[in-house]
Amino acid sequence: MITDLIHLIVGHNAVQKNLLALAVVIPLLIGPVCVITRVPNLAWFLALLSTGISLAIAVLLQIDMEPGVRLTYYLGNWPPPWGIEFVLDGASSITLLVMSALAFLSTLSAKDLVATEIAQADIGKFYGAWLLACGGLFGLVLTADAFNLFVFLEISALSSVILISMGAGRDRRALVAGYNYLLLGAVGATFYVIGVGFVYAMTGTLNMADLASRIPNSSSDTVVFVGFAFMVAGILVKAAVFPVHVWLPAAYAYAPSSVSTLLAAIATKAALYVLARVLFTIFSGLSPFVSLALDNVIIPLAVAGVFIGTVMAIYESDIKKLLAQSSVAQIGYIALSFSLATKAGISAGFVHIGNHAIIKGGLFMAVASFVISLGMRTNLKELRGIGRRMPITGVAFLICGLSLAGLPLTAGFMSKLFIIRAILETGSFIVLSLVLISSVLSLVYLWKIFEIMWMQPAPMKSPVLVEKPSVYLPLWFIAIVNIWLGVDADWLITASQTAAVALIGADG
Amino acid sequence: MSGLFIVISSTNLIKKLVGLSIFQTSVFLLYISLGKLSGGTAPILTGEPNTLYSNPLPHVLILTAIVVGVATTALGLALVLRINDAFESVEENEITLELAKQSELKPMRPRDKGVE
């Protein structure tokens, strides 16, 4: 009945098409409004409203998504290949849904966090940059134009830099972290532009579908391949795949806690999605080249990333840095599953994009809650006995952490299951054993955190810590979703398989 | 590409940004040279058939990329200003040194003490 009503309102094709553009346009337009807003709560409400609208749009569009559906919106009504086109297919739909959901939840939890961490006068600007980052990342997922993608890449990168360096109020290292991210991000984006330039020179088009059909017929394979290498190298920087992940730990650790939540949950996911797009849509006609690059470059880098991230996390004593290093490892898992280039592999990648977003989003949100209660310290030593002092947040952290380790009945178990199944299918047992070993290693750092949080006594003279409902309600929602997806993940798996079909076709 | 070398090798944060700008500008030139057609005129309709036009699209793209580049440089310089305020240096190794000193001497910042 309700679905019928929704269909009556938005079932019309023209409405759906406009919704597609609105998901990006609304955050981008409300962002500047937030900047001039003087009242912090109003700015927060505007941010919540616009990410909420994007989420609602993503849900509505996902309901109707099935294999083969391809919604398009022509910006300025210029038909492609001349105009810029927004495309929603199985792959972009699920990524948009995951990202907008996490953006909404992080905004929901941000209210008290931001009020504690950011100077009153800057809160409007903060939410302005926040919305620009969200809008840029949504655009990254929806655009079907290779150059427009660069523009969205830079919108989201510049606003993320602003958000990260706003952590300078409490730790000046945030400035350096932001600067390094800016520099590396700009170099990565410029690499991507060089690649697009080469490919454009050979094909004369920028539309992704058009590129895909023209690349096999281009006169010089070498130029196209150089372009491919530049584009992929640029995106790897943005996605923080090893060895160009160095900006990520510092950026996540010194950013304001709410920003860490947002970035960890959605920023690298968008870049990974773009990686899949470039590999499987734009260069689909060049499969020998692509599989060469995948087998010899991206799979080894991804596996190395899984290992290095896990080992670094074991030795890290700052909780935010530890989680960031573990993000590097998880990004490695996603890049690895994509680069298997099979239907099972790509759908496993999308399952893990969704699951990792809720796991890391939840973990960083819990850490944010610890941090503001403890007064800005993120060292593991300060967290002794925190599980007993802040039980509501502590239990939610425990659930998300177990999910990260891949315990059965949690979302993380589903991802591990699908990734391992996909690797088994390709029969590369070296990769499989490496993945399994690092998966066991990840238990080491998780145990380290749990032991400190739950088993060690709290320091003497510890004040009573207040837990804020505005933080723990969204956190618990995420924790429950973690369990729900571990028990019944059917819709996510179906959506991920639709995504894989949209990228490489039904027979891949 | 020499710009990229500056980004990697220089330890001065401002020089790094200059290097980045050089790097980006050279990519802009790559695009603009793509649009040039020998013997082509500016892409304004002349009314005559058989006129050879240059491709205007790369110029349009680069206009966008220039705007992005300006924004990147501006934001980078603003950050360097703040870094200079906070560390009293724009040299990368001095900042690293200062940070190392900070973590050795006082792991906790004075502001944090009031909470406990």
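Collect the residues in segment A:63-104 that are surrounded by fewer than 19 Cβ atoms within 10 Å (Cβ to Cβ) and closer than 20 Å to A:Ile353 by Cα, keeping them in residue-number order.
A:Ile63, A:Glu66, A:Pro67
Matching residues to (1) closer than 23 Å to A:Ile314 by Cβ; (2) basic (Lys, Arg):
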| position | (1), (2) |
| --- | --- |
| A:Gly354 | no, no |
| A:Phe370 | yes, no |
| A:Asn379 | yes, no |
| A:Arg389 | no, yes |
| A:Val435 | yes, no |
| A:Ser439 | yes, no |
| A:Ser442 | yes, no |
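Keeping to segment A:383-403, report how many residues are surrounded by fewer than 20 Cβ atoms within 10 Å (Cβ to Cβ) and part of a helix (DSSP H, G or I). So that I can check it myself, show each step before the final result.
Applying the first criterion (surrounded by fewer than 20 Cβ atoms within 10 Å (Cβ to Cβ)) to segment A:383-403 yields A:384-385, A:388, A:391-392, A:395, A:398.
Add one more test, that the residue is part of a helix (DSSP H, G or I), and what stays is A:388, A:391-392, A:395, A:398.
The total comes to 5.
Anything in segment B:15-56 that is within 12 Å of chain A (Cβ to nearest Cβ), in a loop (DSSP other than H, G, I, E, B) and free of Cβ contacts under 8 Å to residues at least 12 places away in the same chain? List them, or say none.
none
Given A:Val161, A:Val141, A:Val199, which one is of a type in the set (A, V, I, L, M, F, W, C) and within 8 Å of chain B (Cβ to nearest Cβ)?
Residue meeting the stated conditions: A:Val161.
Check off (1) crowded, with 24+ Cβ neighbours inside 10 Å; (2) within 13 Å of chain B (Cβ to nearest Cβ); (3) closer than 18 Å to A:Leu275 by Cβ; (4) within 21 Å of the chain's Cα centre (by Cα) for A:Val193 and give me the number that stays unchecked.
(4)
Among (1) more than 30 Å from A:Leu48 (Cα to Cα); (2) more than 21 Å from the chain's Cα centre (by Cα), which single condition is A:Leu473 missing?
A:Leu473 satisfies all of (1) more than 30 Å from A:Leu48 (Cα to Cα); (2) more than 21 Å from the chain's Cα centre (by Cα) except (1).
One line per residue, one yes/no per condition, for (1) in contact with a Lys or Arg (Cβ under 9 Å, 6 or more places away or on another chain); (2) over 18 Å from B:Val27 (Cβ atoms); (3) surrounded by 20 or more Cβ atoms within 10 Å (Cβ to Cβ):
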| position | (1), (2), (3) |
| --- | --- |
| A:Ala186 | no, no, yes |
| A:Gly197 | no, no, yes |
| A:Ala201 | no, no, no |
| A:Ser218 | no, yes, no |
| A:Ala229 | no, no, no |
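Looking for whichever is more than 17 Å from the chain's Cα centre (by Cα) and without any contact (Cβ under 8 Å) to a residue 60 or more places away in the chain here; the options are A:Leu286, A:Leu292. Which one fits?
None of the others qualify; the one that does is A:Leu292.
Sort out which residues of segment A:203-212 are more than 10 Å from chain B (Cβ to nearest Cβ) and either free of Cβ contacts under 8 Å to residues at least 24 places away in the same chain or touching a Gly at 6+ places or on another chain (Cβ under 7 Å) (or both), and write them in order of number.
Restricting attention to segment A:203-212, the residues satisfying the condition of being more than 10 Å from chain B (Cβ to nearest Cβ) are A:203, A:207-212.
Scanning segment A:203-212 gives A:Thr203, A:Ala212.
Considering only residues that are more than 7 Å from chain A (Cβ to nearest Cβ) and closer than 16 Å to A:Leu183 by Cα, look in segment B:81-104 and name the one that is surrounded by the fewest Cβ atoms within 10 Å (Cβ to Cβ).
Of everything passing the filter in segment B:81-104, B:Leu81 is surrounded by the fewest Cβ atoms within 10 Å (Cβ to Cβ).
Across segment A:404-461, what is the total count of residues that are part of a loop (DSSP other than H, G, I, E, B) and surrounded by 18 or more Cβ atoms within 10 Å (Cβ to Cβ)? Working first, answer last.
Of the residues in segment A:404-461, the ones part of a loop (DSSP other than H, G, I, E, B) are A:406-410, A:427-428, A:456-461.
This time we only want the ones that are surrounded by 18 or more Cβ atoms within 10 Å (Cβ to Cβ), so: A:406, A:410.
Within segment A:404-461, residues that are part of a loop (DSSP other than H, G, I, E, B) and surrounded by 18 or more Cβ atoms within 10 Å (Cβ to Cβ) number 2.
If you go through segment A:1-38 one residue at a time, how many are modelled with pLDDT under 85 and farther than 24 Å from A:Leu142 by Cβ?
So the answer is 7.
Taking the options A:Leu175, A:Leu182, name whichever one is within 25 Å of A:Val232 (Cβ to Cβ), surrounded by 24 or more Cβ atoms within 10 Å (Cβ to Cβ), within 8 Å of chain B (Cβ to nearest Cβ) and not hydroxyl-bearing (Ser, Thr, Tyr). It would help to see each step written out before you state the result.
Details: A:Leu175 fails: within 25 Å of A:Val232 (Cβ to Cβ).
Going through A:Leu175, A:Leu182 in turn, just one is within 25 Å of A:Val232 (Cβ to Cβ), surrounded by 24 or more Cβ atoms within 10 Å (Cβ to Cβ), within 8 Å of chain B (Cβ to nearest Cβ) and not hydroxyl-bearing (Ser, Thr, Tyr): A:Leu182.
Out of all the residues in segment B:61-77, which are surrounded by fewer than 17 Cβ atoms within 10 Å (Cβ to Cβ), facing another protein chain (nearest Cβ under 9 Å) and among the small types (Gly, Ala, Ser)?
Listed by number, the list holds a single entry, B:Ala71.
If A:Ala341 satisfies all but one of (1) part of a helix (DSSP H, G or I); (2) surrounded by fewer than 24 Cβ atoms within 10 Å (Cβ to Cβ), what's the number of the condition it fails?
Of everything listed in (1) part of a helix (DSSP H, G or I); (2) surrounded by fewer than 24 Cβ atoms within 10 Å (Cβ to Cβ), A:Ala341 misses just condition (1).
Condition first: over 18 Å from A:Leu184 (Cα atoms), free of Cβ contacts under 8 Å to residues at least 24 places away in the same chain and in a helix (DSSP H, G or I). Can you find one or more residues in segment A:299-307 that meet it?
Among the residues of segment A:299-307, at least one is over 18 Å from A:Leu184 (Cα atoms), free of Cβ contacts under 8 Å to residues at least 24 places away in the same chain and in a helix (DSSP H, G or I), which makes the answer yes.
Could you grab me the full set of residues in segment A:39-56 that are more than 20 Å from A:Asp122 (Cβ to Cβ) and free of Cβ contacts under 8 Å to residues at least 60 places away in the same chain?
Start the filter on segment A:39-56 by keeping residues that are more than 20 Å from A:Asp122 (Cβ to Cβ), which leaves A:49, A:52-56.
Passing the criteria: A:Leu49, A:Gly52, A:Ile53, A:Leu55, A:Ala56.
Quick one: A:Leu158 ticks every box in (1) surrounded by fewer than 20 Cβ atoms within 10 Å (Cβ to Cβ); (2) without any contact (Cβ under 8 Å) to a residue 40 or more places away in the chain; (3) not polar (S, T, N, Q) bar one, so which box is it?
Going through (1) surrounded by fewer than 20 Cβ atoms within 10 Å (Cβ to Cβ); (2) without any contact (Cβ under 8 Å) to a residue 40 or more places away in the chain; (3) not polar (S, T, N, Q) one by one, A:Leu158 breaks only (1).
The values are calculated or read from the model by the stated rules, or taken from the named source; none is laboratory data. Computed from a predicted structure; not experimentally measured. Neighbour counts are summed over all protein chains in view; Cβ atoms, including those assigned to glycine, are modelled from backbone coordinates with ideal geometry.
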